[in-house]
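> The structure's right below; bear with me while I get my questions together.
Values quoted throughout were computed directly from the atomic coordinates according to the rules given, and no laboratory measurement underlies them. Here the structure is a predicted model, which means the values were calculated and not measured. Note: ideal-geometry Cβ built from the backbone for every residue, glycine included; neighbour counts use all protein chains shown.
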Amino acid sequence: MMPSHPFSLLSWLLFLSAGLTLGLALFASRQRHYPVAHWFTWLTLAMSVYSLGYGMELATGTLTQLKFWINIQFIGAVFIPALLLLMSYAYQYHRHPPLTYRLLLLGLGGLNLAVQLGNDYHRLNLADIQFDVVDGLTLSRLTFGPWYYVLMLYAHLAVLVSLLVFYRSWRRAPRFHSHQALVLLCGAALPWLGYLVSLASLTNQLRLDWCVLSFSVSGLCFGYGLFRYRFTHLPPIGREQVFDEISEAVVVLDSQGRLLDFNRQAVQLYPVLSRDLIGRTAEPLLKELLPLLQQEGQARLSLSRQGRQYEVRCHRIRQDGPHTVGYALLMHDVTDRHQLLLQLRQQAEVDELTGVNNRRKILGLLEEAIAQLWQGGHHQPLSLILFDLDFFKQLNDSQGHQLGDQMLKRLASLVQETLMPGEQLGRYGGDEFLLLLPGKTTKEALALACQINQLIQQQLTMSLSLGIAGYQLQDSAHSLIQRADLALYQAKARGRGQACQQADTGLLEDEGR
Ligand SMILES: Nc1nc2c(ncn2[C@@H]2O[C@H](COP(=O)(O)OP(=O)(O)OP(=O)(O)O)[C@@H](O)[C@H]2O)c(=O)[nH]1
């Protein structure tokens, strides 16, 4: 429906604005696989329709033409709040809004459009439409119906929420993206400001719709954001996506040790961290981490916090030169690795059947004990008991291997209970065990051997043969065990069920049943 007046400069500007926003829509549509570009396409398209309708409205000469172009404007206008909301959602979360959210918002837009298109029958939206021609411009004089106010309330709320999203991104994003968020914030805020200006000028003779007039500038803002900052390519809240989502806790300090930034994981680890502390010295908060700042190179430390293990790395931040401008402290949860290491160590050191030290471990402990004697000047005695079950083979053969296993377990646990702190029991092999007794003389070891033998006879109705050797100067772990083995051999030879003590001379010194 072509208007009757020639187009004014304002109409041409509006057509230019419509063309600009349409161009943006076309550009963004080529990248609509990015959710934000998808909704941006529809938003700029809606703006374009609105601008075109208004440009035409300003040149209309009859009420029918006016109503027609107002309806065209509504086709764009009713969807703008919804599309702005959907775009801000996609901008923030880098994905399409949930389907229900989309259906609800677009459904509301559709409902508003239906109400407007049927306005002649119910006048709920626009109760009356008149127009004046001022300076060659056709300006509508509208009397609003109740539905219009509902529509405005919804539109304002939608714009407000979108503005909050962009505002939040602006405040939280790092510098590069915060510029982008600011540009988008301006793009979204301008039509709203335009609307407020229009409201204020309702009583003026030149009642222009500043909201739609601002679309060109708004479109330019969005376009600038699109081209300069490529917001359809780069997720602007990379900080939230990367900084907050990575598993490591990160704290950033400046060169003076003042708090600059931290992520969500860091707050879980140090609940005291808050935005208010930014700029303050981190010393009272992160005392245990600060020694890292003094170290050069890849400094690391282990940290135990809230029942978990962390490996902390300190990364020096340098900018245009060798000087450190800040530090990034990265705390990596290594609890699983730590537990796996403990498990592996346990497997490497513990005898699987009896749960006492295995051969490798007890030999290591013996060597350590001898080394300590050397360091301490040999003032402390050290004794060793090597023992095994008598006739264990018979038990295995007659009652089965499983019962034999049970017997070995019971034996180990009974002997373990008789030990004092610092004394160590290890399975030397088969049914042979080694008892390491730092601080005990051979006499005391002999008494203990007799006590253990008695206990086993009572509890397991089996006897032990035990060989005892005391540490002598120049002894190695090997020679000491050899003498204990010799003593054990003597105990067997003497009829089993007894303890024998072997001196370094090779003579049997003592014995006990
Ligand atoms: N059930 C069980 N038996 C084992 C295990 N390791 C070794 N043995 C058995 O333990 C026995 C040890 O043999 P010996 O020490 O020669 O036999 P013994 O009857 O105790 O002889 P004496 O020590 O001279 O009284 C062998 O029959 C091995 O098969 C084990 O883990 N479980």
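> Measure out, as a whole number of angstrom, how far apart the alpha-carbon centroids of segment 66-113 and segment 253-303 sit.
45
> So what is the calculated 222 nm ellipticity per residue for the chain, using -39500 (n - 2.57) for each DSSP H run with n of 4 or more, over all residues, to the nearest 500 deg cm²/dmol?
Theoretical 222 nm ellipticity from helices: -17500 deg cm²/dmol.
> Measure nothing fancy, just the Cα-based angle from helix 35-57's long axis to the longest principal axis of the chain, in degrees from 0 to 90, nearest 10.
10
> Here's another thing I want to ask about it. Given bins 20 angstrom wide, list per bin the percent of all Cα-Cα distances in the chain, short to long.
Going from the shortest bin to the longest, the percentages are 18, 26, 18, 16, 14, 9, 1.
> In degrees between 0 and 90, to the nearest 10, how far off the longest principal axis of the chain does helix 335-349 point, with axes built from Cα atoms?
Here the helix axis deviates by roughly 20 degrees.
> Compute the angle between helix 80-93 and the longest alpha-carbon principal axis of the chain, please, reported from 0 to 90 degrees and rounded to the nearest 10.
Once rounded, the angle reads 20 degrees.
> Now for a separate question. Lysines within cross-link reach of K409: Cα-Cα under 21 Å, excluding same-chain residues under 8 positions apart?
By straight Cα distance, K409 reaches K361, K393.
> Scan the chain and report its longest stretch carrying no GluC sites (Glu not before Pro) that are both in a DSSP loop and have at most 14 other Cβ atoms within 10 Å.
1-244
> Ok, one more. Over the chain, calculate the relative contact order: mean separation of alpha carbon pairs under 8 Å at least 6 apart, over the residue count, as a percent. List each step's numbers first, then the result.
Values: 857 pairs, mean separation 42.1, N = 513.
It comes to 8 percent, rounded to a whole number.
> Assign one of three labels to segment 9-237, namely rounded, prolate or oblate, based on the Cα gyration tensor with a ≥ b ≥ c the square roots of its eigenvalues; rounded applies when a/c is under 1.5, prolate when it is not and a/b is larger than b/c, and oblate otherwise.
Cα axes put segment 9-237 in the prolate bin.
> Do any chymotrypsin sites (Phe, Trp or Tyr not before Pro) in segment 362-453 lie in a DSSP loop with no more than 16 other beta carbon atoms within 10 Å, and if so, which?
Counting only loop positions with at most 16 other Cβ atoms within 10 Å, the chymotrypsin sites (Phe, Trp or Tyr not before Pro) in segment 362-453 are F391.
> Rounded to two decimals, what is Rg over Rh for segment 351-512 when you use alpha-carbon atoms and the Kirkwood radius?
Radius of gyration relative to Kirkwood radius: 0.96.
> Among DSSP bridges having both ends in the chain, what percentage is antiparallel? Round to the nearest 5.
90
> To continue, here is another question. State whether segment 335-437 is rounded, prolate or oblate according to the following rule on the C-alpha gyration tensor (a ≥ b ≥ c being the square roots of its eigenvalues): a/c under 1.5 gives rounded; otherwise a/b larger than b/c gives prolate, and the remaining case gives oblate.
oblate
> Please report the projected area of segment 246-338's Cα convex hull averaged over all directions, in nm².
Across all orientations, segment 246-338 yields a mean hull projection of 6.2 nm².
> Looking at the square roots a ≥ b ≥ c of the eigenvalues of the Cα gyration tensor of segment 124-167, which shape do they give, rounded for a/c under 1.5, prolate if a/b is larger than b/c, or oblate?
Note, shape of segment 124-167 comes out oblate.
> Could you give each residue of segment 155-167 its phi-based ³J(HN,Hα) in whole Hz, using Karplus coefficients 6.51, -1.76, 1.60 with θ = phi - 60°, and x for Gly or Pro?
Working through the residues one at a time gives 4, 5, 4, 4, 5, 4, 4, 4, 4, 4, 4, 5, 5 Hz.
> Once each part is reduced to its C-alpha centroid, what is the distance from segment 129-169 to segment 30-60 in angstrom?
Here the answer is 16 Å between Cα centres.
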